[in-house]
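Report on one structure; see the data block that follows.
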Amino acid sequence: MQTIPHHISAVTVFEKEAQITRTAQINLTAGEHTLIFDDMPTTLREKTLQVNGIGHAILNGVKYQKEYQNVGKNEAFEALKKQKKEIQNSITLTEQKIKRLQQEKVFVENIAQKTTSPSENNTQTELSTEKWLNMLQFYQQNLEKIDAQLWENTQISEKQKETLEEVRFATELNQTTNKNNKVKWQVHVTVQMLSEGSLTLLLSYIVGDAGWIPMYDLRVDTQTKKMNITYNAFIKQYTGEDWENITLKLSTAKPSINGTQPELSPWRVSIYTPTLRSHETDVFAGAVNSPSMVQMHNMMPKRSQKEEEREEADDFLSIEGEKGMEVNIATVDTKTSSVFFEIGGLHTLKYKDDKNKVTIFVGDFEAHFRYSCVPKLSKYAYLKAKVVNNSEYPFLAGESNIFLDNNFVATAQIPTVAPSEDFWTYLGIDEGMKIEHKFLKKYETKETGFFSKKTTSWLYEYVIKVKSFKKQVEELVIFDQIPITENSNIKITLLDPPYKEDTDKLKKDEWNFVEWFFNIKPNEEIIIPFKFSVEYPNDAMLTGI
């Protein structure tokens with residue numbers, strides 16, 4: 001066996017784990033060699049071990065094992081080792097004694113058999129009474145003595161074995177708890193060198209306690225209508241060792257997820273009939289219907305995707321991006337089902353350093369700007385930008401820092417965006433527009449004619465005002481709503497603005513959300529009358545309004 005020098009040369013970081021590649025180079029003679037990669041991490045996943053190499057050799061085997069190394073004097077451990085050896089010797093002596101006694105017992109039984117059985121030359125088949133008594137006395141005395149000694153030594157042997165197990169446990173406990181002992185994990189690689197020469201080994205494996213999340217800096221220039229996107233990655237590295245001068249890749253692959261498609265099983269729904277206890281049968285008459293397991297599952301609240309992504313990202317430290325020196329841009333490999341970003345240059349990522357930040361991509365994009373507002377809920381206009389991802393880099397869902405004309409204004413979320421796909425992102429509020437939402441009046445009318453239905457109708461009137469102080473024409477979308485109902489006896493009508501169907505200027509969806517579309521000029525004020533009615537039977541009482 002030979003311990004060989006090795007170092008971490010490359011790391012591929014996945015969402016929640018990392019693949020480490022170690023490189024070792026050595027000159028070997030022809031023949032079989034066992035090469036030891038020492039001081040391996042304890043979080044190494046044994047089933048992910050792979051060994052490749054360059055050289056005139058054959059790989060015979062790979063083994064991952066634990067070793068103890070004593071780095072100081074351990075008197076208790078030495079005493080336990082001595083005791084363990086003494087007990088093992090005692091067990092050996094006792095087992096030898098038991099074996100001899102068993103042989104003596106067989107010998108005595110053979111004598112009795114020979115004495116009481118006729119031989120070929122002796123036709124006498126019967127012994128005299130005196131000889132029978134003497135034989136019986138000899139047999140009983142010797143067998144009783146041998147059986148007593150066998151029982152005694154068997155008990156001693158069992159006690160010795162129990163003591164040996166106790167000493168073994170104490171020895172193992174001493175090894176794992178003694179400060180002078182160092183636990184090391186090793187990978188033993190056995191190779192057959194076909195001829196003398198140089199051998200380069202590449203040992204790779206996957207560890208946990210590592211991962212990365214995307215973070216974006218969006219720098220918007222409102223004059224040029226462009227957005228600069230800096231695509232960053234923050235890397236979590238808690239693997240227990242430093243990664244120094246490594247080549248680095250980031251991947252969207254998920255090695256921990258089974259790559260085999262799950263199979264569907266029949267989905268059966270039936271009526272649930274509970275089994276009633278005897279004292280309950282007098283209370284309930286007939287069948288009792290309860291929600292099925294499927295219905296109960298469907299009624300449980302579901303976590304949103306954003307909540308799950310936020311939970312997964314809690315271990316990472318969000319850091320505001322700062323514009324600085326030029327950076328190496330990653331190359332992207334999208335030939336497989338997952339994406340690999342190869343970060344240029346060599347990198348050093350220290351253990352427990354939460355500020356491990358690398359840049360994947362920096363690029364400028366044309367941006368389409370739009371203002372939107374919900375006057376009912378907020379007095380601010382919100383600036384949005386639509387960008388087409390015309391790069392070859394997929395944008396993964398993540399948090400973004402928004403810089404508007406070189407001023408940090410807000411944080412937002414970017415969805416997952418494929419190359420050539422477009423996306424919208426909020427850029428914060430803009431006080432260059434004044435928003436006002438005013439309630440005017442609410443009044444009641446009743447229909448009580450002889451031929452008319454007895455109904456009550458309430459009319460609600462509002463006014464929405466928007467004034468632009470921008471220096472150019474801006475696209476603006478205004479959102480509001482009228483109530484919705486699923487009761488056919490309640491009638492809700494949008495009176496002003498009059499609505500028949502969707503147009504380029506006015507839209508209304510199935511939730512009765514209303515949208516107005518404008519191109520608002522500098523210093524222009526838009527006034528929108530907003531009026532709707534709610535009609536319902538006189539004897540009914542409404543809720544929700």
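Consider Ile360 carefully, then state whether it is aliphatic (A, V, I, L, M), within 30 Å of Gln481 (Cα to Cα) and surrounded by 15 or more Cβ atoms within 10 Å (Cβ to Cβ).
no
Just to be sure before I move on: is Leu133 modelled with pLDDT under 90 and under 30 Å from Val187 (Cα atoms) in the structure I sent?
No, not satisfied.
Could you look through the stretch 222-240, keep only residues that are open to solvent by 20 Å² or more (accessible area, probe 1.4 Å) and at pLDDT 90 or above, and pick out the one that is farthest from Phe361 (Cα to Cα)?
It comes out as Lys226.
Name every residue in the stretch 508-545 that is closer than 14 Å to Pro483 by Cβ and among the hydrophobic types (A, V, I, L, M, F, W, C), in order of residue number.
Within the stretch 508-545, Trp511, Phe513, Val514, Phe530, Phe532, Val534, Leu542, Ile545 meet the criteria.
Among Glu75, Glu32, Glu67, Glu104, which is the only one that is touching a helix residue (DSSP H, G or I) at 6+ places or on another chain (Cβ under 9 Å) and acidic (Asp, Glu)? Outline the logic, then answer.
Working: Glu75 fails: touching a helix residue (DSSP H, G or I) at 6+ places or on another chain (Cβ under 9 Å); Glu32 fails: touching a helix residue (DSSP H, G or I) at 6+ places or on another chain (Cβ under 9 Å); Glu67 fails: touching a helix residue (DSSP H, G or I) at 6+ places or on another chain (Cβ under 9 Å).
Exactly one residue qualifies, and that residue is Glu104.
Examine the stretch 473-484 for a residue that is surrounded by fewer than 17 Cβ atoms within 10 Å (Cβ to Cβ), charged (D, E, K, R) and outside any strand (DSSP E or B), and state whether such a residue exists.
No, there is no match, as no residue in the stretch 473-484 is surrounded by fewer than 17 Cβ atoms within 10 Å (Cβ to Cβ), charged (D, E, K, R) and outside any strand (DSSP E or B).
Residue under question is Lys465, and the condition is that it be within 29 Å of Gln223 (Cβ to Cβ) and open to solvent by 70 Å² or more (accessible area, probe 1.4 Å); does it hold?
No.
Within the set of pairs 6+ apart or on separate chains, which have a first residue in the stretch 224-249 that is touching a residue at least 24 places away in the same chain (Cβ under 8 Å), a second that is open to solvent by less than 40 Å² (accessible area, probe 1.4 Å) and among the acidic types (Asp, Glu), and C-beta atoms under 6 Å apart?
Cβ pairs passing all conditions: Thr230/Asp217.
Of the residues Thr154, Thr115, only one is open to solvent by less than 100 Å² (accessible area, probe 1.4 Å), modelled with pLDDT under 80 and not aromatic (Phe, Trp, Tyr); which?
Of the residues listed, the single one that is open to solvent by less than 100 Å² (accessible area, probe 1.4 Å), modelled with pLDDT under 80 and not aromatic (Phe, Trp, Tyr) is Thr115.
Of everything in the stretch 241-253 that's open to solvent by 10 Å² or more (accessible area, probe 1.4 Å) and assigned to a strand (DSSP E or B), which residue is nearest to Val339 (Cα to Cα)?
Taking the stretch 241-253 as the starting set, the residues that turn out to be open to solvent by 10 Å² or more (accessible area, probe 1.4 Å) are 241-242, 244-245, 247, 249, 252-253.
So of that shortlist, the ones also assigned to a strand (DSSP E or B) come out as 244-245, 247, 249.
Working: Glu244: 24, Asn245: 23, Thr247: 17, Lys249: 10 Å.
Here the residue is Lys249.
Just the residues that are among the hydrophobic types (A, V, I, L, M, F, W, C) and within 17 Å of Lys470 (Cβ to Cβ), please, taken from the stretch 518-533.
Phe518, Ile520, Ile526
How about the stretch 384-401: which of its residues are within 10 Å of Ala412 (Cβ to Cβ) and among the polar types (S, T, N, Q)?
Ser400, Asn401
If you check Ser195 against the conditions, is it at pLDDT below 75, of a type outside the set (Val, Ile, Thr), out of contact with any Gly (no Cβ under 9 Å at 6 or more places or on another chain) and not in a strand (DSSP E or B)?
No.
With respect to the numbered conditions (1) open to solvent by 60 Å² or more (accessible area, probe 1.4 Å); (2) in a helix (DSSP H, G or I), which one is the sole condition not fulfilled by Leu59?
Leu59 satisfies every listed condition except (2).
Has the stretch 92-111 got at least one residue that is touching a residue at least 12 places away in the same chain (Cβ under 8 Å) and either exposed (fewer than 12 other Cβ atoms within 10 Å of the Cβ) or within 21 Å of Glu172 (Cβ to Cβ) (or both)?
Looking for residues that are touching a residue at least 12 places away in the same chain (Cβ under 8 Å) and either exposed (fewer than 12 other Cβ atoms within 10 Å of the Cβ) or within 21 Å of Glu172 (Cβ to Cβ) (or both), one finds none in the stretch 92-111, hence no.
The values are calculated or read from the model by the stated rules, or taken from the named source; none is laboratory data. Just so we're clear, the structure is a prediction, and the values are computed from it rather than from any experiment. Virtual Cβ from ideal backbone geometry, glycine too; neighbours counted across all protein chains shown. Note: accessible area is taken over every heavy atom of the protein model, side chains too, but ligands, DNA and RNA are not part of it. Shrake-Rupley method; radii C 1.70, N 1.55, O 1.52, S 1.80 Å.
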